Amino acid sequence: SGVSLRTVYHQFDDMESIHRLAGELLFARVQQIPARFDPSMPPSQAVDAYVRYRATVFDLLHPLSSAARIREPVSAALRTNRDEMLRYGEDNVRHAFAPELADLKPAQARRLVVAISLATNWSAWYALLEELQQSRAEAIAVMRATTRSFLTQPEQFA
């Protein structure tokens, strides 16, 4: 960026402060991405819209999250940033699939939210792209199929 480290350290007390601010700025950018899923959509359309939205979010998160995961074990700020994004992802699931969740018992709905969140979070995206060497299109297809499977068989979360 053409700025010396000395200049950066005059603005921040420590790396945790930098991590906190970076997380806040990144989260603000994620929240500006328009969610194009609507609970009134038919379930198959809701799944497609939800997964496309998540992929768009991951396109933004991927470079910084890949770098941050290395320092997460020693950075409380990075772990807080990660946890905030995970909660945001769970909120996305609750919003996108509100009608399907409303038909379930509370414990079953909670497990379904956790399952979809796990299958469609950034760690899953990272694993698909980096560890399993899948293309972006294939990663989207896997997330779509997994989410559909969970939603069409909610009894497995009873």
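The values are calculated or read from the model by the stated rules, or taken from the named source; none is laboratory data. Because the structure is a prediction, the values reported are computed rather than measured. In this analysis, Cβ positions are derived from the backbone assuming ideal geometry, glycine residues included, and neighbour counts consider all displayed protein chains. Quick note on the areas: whole protein, heavy atoms, side chains included, nothing else; ligands and nucleic acids left out. Shrake-Rupley method; radii C 1.70, N 1.55, O 1.52, S 1.80 Å.
If you stretched the chain out fully between D83 and S17, how much longer would it get, using 0.36 nm times the residue separation minus the C-alpha to C-alpha distance? Walk me through the numbers on the way to the answer.
Numbers: separation 66, 0.36 × 66 = 23.76 nm, distance 1.68 nm.
Working it through step by step, the gained length comes to 22.1 nm.
Once Lys and Arg get +1 and Asp and Glu get -1 on their Cβ, which of I70, A46, S135 lies farthest toward the positive end of the dipole of segment 7-158?
A46
Given the -39500 (n - 2.57) contribution per DSSP H run of 4+ residues, what per-residue ellipticity at 222 nm results for the chain, rounded to the nearest 500 deg cm²/dmol?
Values: 8 runs with 115 residues, N = 158.
One gets -23500 deg cm²/dmol as the mean residue ellipticity at 222 nm.
Magnitude of the Cβ-charge dipole of segment 15-158, K/R +1 and D/E -1, about the Cα centre, nearest 20 debye?
Roughly 60 debye for segment 15-158.
Ignoring ligands, DNA and RNA, what percent of the accessible area of segment 9-142 is carbon or sulfur (1.4 Å)?
For segment 9-142, the apolar C and S fraction of the accessible surface comes to 55 percent.
Output the Cα-based Rg and Dmax of segment 68-129 in Å, rounding Rg to one decimal and Dmax to a whole number.
Over segment 68-129's Cα set, Rg and Dmax evaluate to 13.6, 42 Å.
Pick from A22, A137, A124: which is most flexible by mean-square fluctuation in a GNM of the chain where alpha carbon atoms under 10 Å apart are linked?
A137
For segment 115-131, take each phi angle, set θ = phi - 60°, evaluate the Karplus expression 6.51 cos²θ - 1.76 cosθ + 1.60, and give the result in whole Hz per residue in order, putting x for glycine and proline.
Going residue by residue, I get 5, 5, 4, 5, 6, 10, 9, 5, 4, 5, 4, 4, 4, 5, 6, 8, 8 Hz, with x marking Gly and Pro.
Output needed: percent of Cα pairs per 10 Å distance bin for segment 52-100, bins running from 0 to the one holding the longest distance.
24, 46, 24, 6, 0
Across the chain, what fraction of all alpha-carbon pairs, as a whole percent, falls in each successive 10 Å bin from zero upward?
All Cα pairs considered, the percentages come to 10, 36, 31, 16, 5, 2.
Could you give the nm distance between label points at L118 and A145, where each point is 7 Å from its Cα heading toward the beta carbon?
1.9
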